[in-house]
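Chemist: Sharing a structure with you now.
The values are calculated or read from the model by the stated rules, or taken from the named source; none is laboratory data. The model shown is predicted, which means the values in this text are computed figures rather than measured ones. Note: ideal-geometry Cβ built from the backbone for every residue, glycine included; neighbour counts use all protein chains shown.
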């Protein structure tokens, strides 16, 4: 029996339909956690990297990827956990950032993930915040941090000082 | 019947080659050292998780639980590698749930009871400051497997250190009550911190092959960071020796560890092999 295997591009498109379980407006590919898709003979190999080490959604994400690919007829599948290079918010796609903002979550500020801590420390010593976190509702940059941790490990809690709305910020690291 | 039940995807890890894992002579020390890393994060993670639902304000409750989650995530990586190095068919879960107290290798600092928020935060800060220096060094480890775990964990621990440094300053330089509590916590915990910098044969073996740093080399940077935060917090560094309480790394623990394990391991002891 000969079977035509779907192309790697096709699989990328399918995974673009798998939502993140905690932030369902973005997909696992928007989030940048799918690192590699390849065929090993007739086995499909999908490499996934965890966002945060203890992220409780990791197992759910694996299951969601698996069941979605099963629905598209993939029979032999291997999920690989890949640690390096470690995930940062720099891996979130532009489309993912736009979707987050529309959903009410301030997206990560581009380019600050890799050295956010050092800058934050210098800025704190100088008595100011390094990050311009825009309110996802009114776009004001006049915002303040309420708490370093929010509703999930990947978010912090902020408040807009103009429209007074509290909001989640997808934190940088 | 579902297809999922039939052919569940097998999960493997894409792992860099690491010759240290095949080094039979190195194995006992490497295993022991990995247990030290994993047991520190496991026991501190457990302690922090005890605050879940008891935090003084919602944000702090969430922050402590999230920090605990990061640390348990690190534990899975360290003990997972330890199990692989040991190569006796045990898993990270077996190591966490089926070892008895004398086989645990965490420093005594992390097993002490939580006390009040001051003690919990001061302990986390003193540990975070060490953890940060240790992981920074380990991210450049000669062992690629150790280096990738450290690089991943370092990002999260940087965030932990930023948070606890901030809170030490706010509470130390806060009200009279909060200042006293923070100073008491510091005085009480200080004699436990030296264990983190005191090397024994295991640490020396790891440093010799380039897997881990010379522990004493981390001390200067740790002190610089700790002093800076304590100064800003108007807290006085104790004049007592910092290396009085030792032995945890060699399996000689305080009475408190047994109580933690009794709670943490109950389910696997009572219902061996239970899973969900």
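Chemist: Among the residues of segment A:46-72, how many are free of Cβ contacts under 8 Å to residues at least 60 places away in the same chain, more than 14 Å from the chain's Cα centre (by Cα) and more than 9 Å from chain B (Cβ to nearest Cβ)?
Modeler: Qualifying residue count, segment A:46-72: 5.
Chemist: What is the number of the single condition among (1) farther than 21 Å from residue A:51 by Cβ; (2) within 14 Å of another protein chain (Cβ to nearest Cβ); (3) more than 15 Å from the chain's Cα centre (by Cα) that residue B:103 does not meet?
Modeler: That leaves (2) as the condition not met.
Chemist: Taking segment A:139-170 only, how many residues are assigned to a strand (DSSP E or B) and within 14 Å of another protein chain (Cβ to nearest Cβ)?
Modeler: Within segment A:139-170, the subset assigned to a strand (DSSP E or B) is A:143-147, A:155-160, A:166-170.
Then keep just the ones that are within 14 Å of another protein chain (Cβ to nearest Cβ); that gives A:144-147, A:155-159, A:166, A:168-170.
Here the count works out to 13.
Chemist: For segment B:134-148: of the residues being within 16 Å of residue B:21 (Cβ to Cβ) and assigned to a loop (DSSP other than H, G, I, E, B), which is farthest from the other protein chains (Cβ to nearest Cβ)?
Modeler: Taking the candidates together, the pick is B:142.
Chemist: Among the residues of segment A:106-148, how many are under 14 Å from residue A:159 (Cβ atoms) and modelled with pLDDT of 75 or more?
Modeler: Selection size over segment A:106-148: 16.
Chemist: Something else: Could you tell me which of the residues B:169, B:202, B:157 is under 15 Å from residue B:34 (Cα atoms) and assigned to a helix (DSSP H, G or I)?
Modeler: Of the residues listed, the single one that is under 15 Å from residue B:34 (Cα atoms) and assigned to a helix (DSSP H, G or I) is B:202.
Chemist: Related question: Being modelled with pLDDT of 95 or more, within 14 Å of another protein chain (Cβ to nearest Cβ), under 15 Å from the mean Cα position of the chain (by Cα) and part of a helix (DSSP H, G or I), is that true of even one residue in segment B:114-123?
Modeler: There is at least one residue in segment B:114-123 that is modelled with pLDDT of 95 or more, within 14 Å of another protein chain (Cβ to nearest Cβ), under 15 Å from the mean Cα position of the chain (by Cα) and part of a helix (DSSP H, G or I).
Chemist: Would you check if there is a residue in segment B:70-79 being farther than 19 Å from residue B:159 by Cβ and over 10 Å from the mean Cα position of the chain (by Cα)?
Modeler: Narrowing segment B:70-79 to residues farther than 19 Å from residue B:159 by Cβ: B:79.
Add one more test, that the residue is over 10 Å from the mean Cα position of the chain (by Cα), and what stays is B:79.
Yes, that holds for at least one residue.
Chemist: Here are some conditions: (1) under 17 Å from residue B:168 (Cα atoms); (2) assigned to a helix (DSSP H, G or I). Residue B:258 meets all but one. Which one does it not meet?
Modeler: Single failed check for residue B:258: (1).
Chemist: Another question about this same structure. Residue under question is residue B:127, and the condition is that it be within 13 Å of the chain's Cα centre (by Cα), away from every other protein chain (no Cβ under 13 Å) and modelled with pLDDT of 95 or more; does it hold? Reasoning before the result, please.
Modeler: On the way: within 13 Å of the chain's Cα centre (by Cα): yes; away from every other protein chain (no Cβ under 13 Å): yes; modelled with pLDDT of 95 or more: yes.
Yes; evaluated as a whole, the condition is true for this residue.
Chemist: Out of all the residues in segment B:8-37, which are within 12 Å of chain A (Cβ to nearest Cβ) and modelled with pLDDT of 95 or more? Walk me through it before giving the result.
Modeler: First, pick out the residues of segment B:8-37 that are within 12 Å of chain A (Cβ to nearest Cβ): B:8-16.
Scanning segment B:8-37 gives no hits.
Chemist: Can you tell me which of (1) buried (at least 16 other Cβ atoms within 10 Å of the Cβ); (2) within 24 Å of residue B:112 (Cβ to Cβ); (3) in contact (Cβ under 8 Å) with a residue 40 or more places away in the chain is the one residue B:219 doesn't meet?
Modeler: Going through (1) buried (at least 16 other Cβ atoms within 10 Å of the Cβ); (2) within 24 Å of residue B:112 (Cβ to Cβ); (3) in contact (Cβ under 8 Å) with a residue 40 or more places away in the chain one by one, residue B:219 breaks only (3).
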